[in-house]
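Nothing in this text is a laboratory measurement; each read-out follows from the coordinates by a stated rule. Computed from a predicted structure; not experimentally measured. For neighbour counting, all protein chains shown are included, and Cβ atoms are generated from backbone atoms with ideal geometry for every residue, glycine included.
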C-alpha cells in the first residue's frame, strides 16, 4: 500500500517514503498511521499499530514554512519513538 490521501486524512502507507512525502508523520510510524498537517506546521496523527497519537498546535503562524515543517518532523519523530 502506498500513501493514500483521503478527503481529510493521509494514510502513511508501506512504501518507505511517508517520512519524506508527508513530513508531519516523522520517522518511526507504522504504515497504518494516519493524520493531516494543518497550516504552518500544525499537525495531528494517530498510529493504530502502536496506540500513539500526537497533536501539535501553536498560537500563531510561522512565516518560515521550512522551519515550521522541520519542527513538525522533529516533534513527530520524537512522539512516534516514545513507545517503540
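Below is a table of values for the structure above.
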read-out	value
Protection-proxy order for peptides 38-48, 59-69, 73-83, each taking the mean of Cβ atoms within 10 Å per residue, highest first	38-48, 73-83, 59-69
Förster radius 30 Å - calculated FRET efficiency between residue 59 and residue 15, Cβ distance, rounded to 0.05	0.25
Rough spin-label spacing in nm, given labels placed 7 Å along Cα→Cβ, for residue 78 and residue 36	2.6 nm
